[in-house]
Structure formats: C-alpha cells, structure tokens
Amino acid sequence: MRRLLVIALLGALPVLAAPSHQSQLDVTAIVAAARQALGGEAALAAVQALTTQGSLTRKLPPVDTSASVESTVILPDRYLRVSRRFMNSPVASFDITDYDGFDGAAVIHEIVAPNSPVPVVIPGPPPATPEEADARRARLLDGKRQMFLRSMIPLFVSLPAPHSLEMTAAGKTPIPGGQADVIDMKRPDGTVWRLLIDDKSHLPVQLMWKAKPVVTMTRTSTATQRVVVGPTGATSPIQGSLPDPVVSLPAGDPTASLPYVVWTMTIRDYKVAEGLNWPRRFTTSYEGQEYEDLRVSRYRINPKIDLKVFARAKK
C-alpha cells in the first residue's frame, strides 16, 4: 500500500477594494481584543519559538489513519511539522514519517518509510525545463507556508513579516451560542483566509478557505495502492458567495474537473499554559464531511532548538 499526498497551489483572487477607514478601526479593535484573550500583547510578542506535540486523525474512507504529530517553529521563517504513522496492510506493516515545512526559502518535504516493502511515494514526471523545476519548487514552498499560516493564525491572529496579512472587518455571522466577528485576511498575492472570532470571548473559533476536495483512488498491480490527492492550496470567501480561483493544475490531476469547496477549521478546547490561552483541538472539514482532527497535548514556548532539525530534504 502506498500513499501520495499531492498539494497543488491555487492562484490569487481578484483585487479587493480598499477597506474603509471605519472598517480598519473595527478590525484593529477586533484583533487587539483577540490577542488580549489569547494571552495579551506582551506574552504573544515574547514568543520567538515554540514546539507542539499531539495526535492527528484523518478520515480517508474506507479507513481512518492516526499519527503522532510534532511541530517546531522559529519565528519568523522556520517551520517543521513531523507526523509519524503506522501502516498495517495485508502486504506488510510499516512506519511512515512525513517531514514538511521550510527554512527560509528552502522547502522541507520528505516521506520516509525504511521498512516498507514497496515505495511509499509515486513520483510524477520530471520537470521538462529548469523553469518548470523552479516553478514546482516555488509552488511547493508556498504550500508549506500556507500550512504554517493555518497553524499560526489561530494562535496569534496577527503575524509578523514576512507573513503579515492585510486584514479587513467583514461584519458578523451567527455561530453556535452567539455571534462572531469576521475578519478577512489577505496576502499580497491575493490568497485569503476568513477568520471568525467569538464576539463574547474574543477567541478564534473558525478559519475558512477554499480548495479542491480530497480524492481517494485505488490502483491494483501486485498490491492495492491508495492514493490521496488534496486538499489543494488555500483561498477563502470575501463576502457572500465563494469565487473559484483561476489556477492551472498539473496534467493528470484527478481534482482538475472538480468544483472548489469551502474548507473549515473549527478551533476549540482553549487552555492556559505558560501565560498563553491557546486552543488544543483543530477539526477540519469540507462540505460537512470531517477530514482531519488535530489534538495538541502540549505547547512549549521559547525552548532551545537545534537548527539541525530543519536540515531535512531541503529543495
């Protein structure tokens, strides 16, 4: 059994109108209240590095997969997420470890399964030109940076350069038990996330973006291979309906003909530790279907980190 996760990055949304002065005043107040609820400006600003430990469950019908997950972050531009899972199939049982992240402009992307009887990565066709190779590496790096942003936005709301986002207040929306303030967060390339912040607790409760759904396929040769494709990239609504980004996907991508869908990360189980009120559970779904459940058991703030951990498989 072999598994491949192919991440295709999405293009930019149309240019947005400049936010009004009142909207900027509103978003400034919302962000300030959220950062206060998360631990306060001084405590958040003092975070220069962090590590997390936890578990990750993914629903990939007809089976679920479980993994231990660790992440290491040195702000502003070093990030590594390591997931370890055990695969049990009629062919063999073996461990798979995924390394994903970046060290500045270098991509970290490696899948290791030393005791697997078959390769766990199905390579695609090599790039035809140096320019295509550079474009693939740039897309891969951007995908890892978007993974980083989805992890950090619920913890900090406002991020330092080079990851700072243009924020616009987008009104209120109902949530269970009340209402949420809505913030649209846009990168310079037009990629946008929508963050919902409970207007009573001032804590983030949901993060949304738009991407292709997950596609699961099987192929049979001497053994059955399960290939998982998606989710792809990250964009989100601004107001009302969700426009599909303009993007050219690689030839043969089985998600190419599928419509874009809204992905929602629900953020909950806040707990105060080391002066920070951070969430412990992140459940990601699309079209009402749960895809991923991440539970963080521990945050460590400003630990001593050996920079060698970022040396894996840089591209």
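Readers should treat all values here as calculations from the given coordinates under stated rules, not as data from a laboratory. The shown structure was predicted, so the numbers you read here are calculated from the model rather than taken from an experiment. Here the Cβ positions follow ideal geometry from the backbone for every residue, glycine too, while neighbour counts run over all protein chains shown.
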**Fully extended contour minus Cα-Cα distance, from Lys200 to Ala49, at 0.36 nm per residue** = 51.4 nm
**Asked** Within the set Lys59/Lys186; Lys210/Lys271; Lys144/Lys210; Lys59/Lys212; Lys144/Lys212, which residue pairs have Cα atoms separated by over 20 Å?
**Response** Lys59/Lys186; Lys210/Lys271
**Fill in**
Once both label points are put 7 Å beyond Cα along the C-beta direction, the Val118-Leu75 separation in nm becomes 4.5 nm
**Asked** How do the peptides 127-137, 195-205 rank, highest first, by the average count of neighbouring beta carbon atoms within 10 Å per residue?
**Response** 195-205, 127-137
**Fill in**
Counting sequence-distant residues (5 or more places) and residues on other chains, those with an amide H built under 5 Å from that of Asp199 are Gln179, Ala180, Asp181
**Complete:** Rounded to 0.05, the calculated FRET efficiency for the beta carbons of Ala106 and Gln36 at R₀ = 25 Å is 0.10
**Message:** Based on alpha-carbon centroids, what's the gap between the stretch 111-137 and the stretch 52-87 in Å, whole number please?
**Reply:** 20 Å
**Request:** Residues in the stretch 109-132, backbone N under 17 Å from the label point at Asp189 (7 Å along the Cα-to-beta-carbon vector): list them, ranges by number please.
**Result:** 109, 131-132
**Message:** Given an 8 Å cut-off on Cα distances and at least 6 residues of separation, report the relative contact order of the stretch 75-217 as a percent.
**Reply:** 13 percent
**Request:** Grab the beta carbon distance between Thr28 and Arg281, set R0 = 35 Å, and tell me the FRET efficiency rounded to 0.05.
**Result:** 0.75
